[in-house]
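Accompanying notes for the structure given below.
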Amino acid sequence: MLLAATGAGQARLQRAGKFEVQQADTAGFLRLGNERGYKIALYMPNDRVTIFYALRSEKLKDDFFNVTYSLYAVHNLGDLEHGVVRARFGSMGRVSLRFRPSGRARKRDPQTGCEGGAETTEYGRFVGHLSFRGEGYFHVSSAKGEAYISHSPRLRCEKGQALETHPRSLRTYVAPIPVFPDKDSIALLYASTRSHGRYVGITAVHPGGSPPGADVQLGIVEPRHGMAIGHGVYLNGPAGTLLTSLPGAHPATATLAPPTPFYGEATYSEESDIWTGTLGVKLAGLRLPLTGPGFHVHLCVVNPLRDRDGCDFFKAEPPPDERPARLERGLR
Amino acid sequence: MRMRQAAVAVLALTVLFCVPGGAGAKVVHGRAPARWIDIELEGSNGYSIHISVNQRRHLLLQVTKEGYAAEYMTRDVLAETDRVKAKLLGLGTISVRFHPRGPVRHPSVFGCGSKKRPTVQPGVVRGTIRFVGEREYTQVKVHEAEAATEKPTSRCRYGAKFESNSREREWVSKFSAEDIGALFLARKYRPGTIDGGQVLYWAETGVRYETASGRVPLVVYRHVRVPAPASTFSDPHPGYLTVSPPPPLSGTGTFARTPESVFTWEGDLSVQFPGLDPIPLAGPSFGSEYCLRESGCIRQDGDYR
């Protein structure tokens, strides 16, 4: 899921008439094992970006789940095409690696609508220096682990079939992607703030017809020392997570009290347009309040018989400067 | 014999249908009869009783009176072309032999085309028919009764139906709530669309009696259909509904949205079938659906956990 969020396999394309070109590209991956419940990996979605990621996924009872992640994206100063990864993660660490293929490889034909050579994936390992200290909750000092590098050749594709262009901004590689569909939601609360370059957005959605509870998504994006850092949570909250006034009631009100890693609760009143309370989130290496005057809140409560499409996210759309580019593209 | 009673999924709208003896029909004791047998009886307290055996060797005893019907179905049947023996788990026994009397007829059947008329041989059955409904709400004991054997022609449906005529599909708003073993339907119409009121209520329950070995000697479906005035179905704004249907239903059911954005179906609504205690028709275990013809539907899963 997070691989997709960081733009896996995407390549630059050039449009020309009925056809378009998907430029050649290279991607790489190094699995670094588990630490404190997090799966740790180094991911190169293309030859220009390197991302450290930590992901923890818990399956709870009644098909509920809880996912937390942290992403650290920097530019790759090496040449991935030739198996070299060199990147600095500020004071958190650095990598200087060279890929050693094992000889095992796999070829895959181009996607439907495209023609050209096959994508080649070489399996092996990375050697060299790797150290990373992830905000106090994990520390990696070895490059041991399964690895691969995939080379995608330049492809000629029917228009619309080529993969999207890689985003230029590091920020877009760590921005949250909407996981929970808002199309059939009948209650949706979105609270966000942006301060000193840090974006914090929390969304709670109740899909029509579902049992009590709400799906909650938190995304935090910030720049730091040439890095883009993203933290996030996706979870299914139980009964009591999101309580709202009924459709048509004014002033509309809402209370949000999601389960761990969140703590406390927040309330919103349309009348005062204030988002107050003790709500916060405690992630590995991060404890962050999620209320305050800097937050903008959008509340949507609809009657499914009057608004058949449910709470369209764009009814609660934040101002463009509060919306990460990746989030915007994912929804459009 | 130790028995277990379990609710079964109710068969909404069409409770009984005639199916030709095809691949799905299992023969339990020898050759399946080529004909059905139908026996008409009068029970006590004004109930009509109809006994039939179909090609699947299911014996069905139907008890009806006005909008009420109960169907007792057993597979513990010894059925041949002209002989039936069955036990109805503490409610009665049937052991009769058919004797033809009079010429064969080809009557028309609701739901079947004119080319699919069955072949009916009238006659009498002789032997023992004894049935006592729960708490003796009706009973019958005879040694001879009018009957007929029927040779079905094709896949034609008949039996109890919620919609007895096509105008009953012209509802304005409707509500249904379903749990395992219980179904409640309510439909509201414009004035003059249906007879007897503006709202049509339907309640149906199903219960299966099962032995420790898993055998199912008896399944009982009961339903009632009752028209009522518009005042019994109040939906002042979309998403909020209160129903207070007339007897044999009683109490009130309310469908409403909560601050959790969940639609609840609550209240003391129940149905009282003859010979039984009231059966609840509202509560958190019921899944529900409320529809406005012009706008769509709201569906809410029940809490089956």
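The values are calculated or read from the model by the stated rules, or taken from the named source; none is laboratory data. Predicted, not measured: the structure shown is a model, and the values here were computed from it. Virtual Cβ from ideal backbone geometry, glycine too; neighbours counted across all protein chains shown.
The condition of being in contact (Cβ under 8 Å) with a residue 60 or more places away in the chain and within 13 Å of chain A (Cβ to nearest Cβ) holds for only one of B:209, B:290, B:240, that being B:290. Take the residues in segment B:243-273 that are outside any loop (DSSP other than H, G, I, E, B), closer than 30 Å to residue A:241 by Cα and free of Cβ contacts under 8 Å to residues at least 60 places away in the same chain; name whichever of them is nearest to the other protein chains (Cβ to nearest Cβ). Applying the filter and picking the extreme gives B:257.
Does residue B:285 count as in contact with a strand residue (DSSP E or B) (Cβ under 8 Å, 6 or more places away or on another chain), among the small types (Gly, Ala, Ser), within 14 Å of another protein chain (Cβ to nearest Cβ) and closer than 21 Å to residue A:210 by Cβ? Answer is yes for this residue.
Scanning segment A:22-55 for residues that are polar (S, T, N, Q) and not in a strand (DSSP E or B) yields one hit, A:23.
Selection of first residues in segment A:38-64 that are on the phi > 0 side of the Ramachandran plot and of second residues that are in a strand (DSSP E or B), restricted to Cβ pairs under 9 Å at least 6 apart or on distinct chains, gives the following pairs, ordered by first then second residue: A:62/A:236; A:63/A:236. Close contacts from segment A:186-214, counting a first residue that is closer than 30 Å to residue A:170 by Cβ and within 11 Å of chain B (Cβ to nearest Cβ) and a second that is aromatic (Phe, Trp, Tyr) and not in a strand (DSSP E or B), with Cβ to Cβ under 8 Å and a gap of 6+ residues or different chains, come to A:188/A:313; A:205/A:180. What do you reckon, is residue A:89 in contact (Cβ under 8 Å) with a residue 12 or more places away in the chain and within 14 Å of another protein chain (Cβ to nearest Cβ)? When the stated conditions are applied, residue A:89 does not pass them.
Inspect all residues belonging to segment B:256-264 and state whether any of them is in contact with a Lys or Arg (Cβ under 9 Å, 6 or more places away or on another chain) and closer than 30 Å to residue A:205 by Cα. Yes, there is a match, as at least one residue in segment B:256-264 is in contact with a Lys or Arg (Cβ under 9 Å, 6 or more places away or on another chain) and closer than 30 Å to residue A:205 by Cα.
The criterion of at least 3 residues that are in contact with a Pro (Cβ under 8 Å, 6 or more places away or on another chain) is met by the following strands (runs of 3 or more DSSP E) wholly inside segment B:36-128: B:68-74.
Only one of the listed residues (A:283, A:242, A:290, A:305) is touching a residue at least 40 places away in the same chain (Cβ under 8 Å) and either surrounded by fewer than 17 Cβ atoms within 10 Å (Cβ to Cβ) or within 14 Å of chain B (Cβ to nearest Cβ) (or both). That residue is A:242. Could you go through segment A:172-180 and let me know if any residue there is in contact with a Pro (Cβ under 8 Å, 6 or more places away or on another chain) and among the hydroxyl-bearing types (Ser, Thr, Tyr). Yes, segment A:172-180 has at least one match. Confirm whether residue A:132 is under 25 Å from the mean Cα position of the chain (by Cα), farther than 21 Å from residue A:229 by Cα and at pLDDT below 95. So residue A:132 does not fit the description; no.
The set of residues from segment B:48-76 being buried (at least 20 other Cβ atoms within 10 Å of the Cβ) and of a type in the set (Val, Ile, Thr) comprises B:49, B:51, B:53, B:63, B:74.
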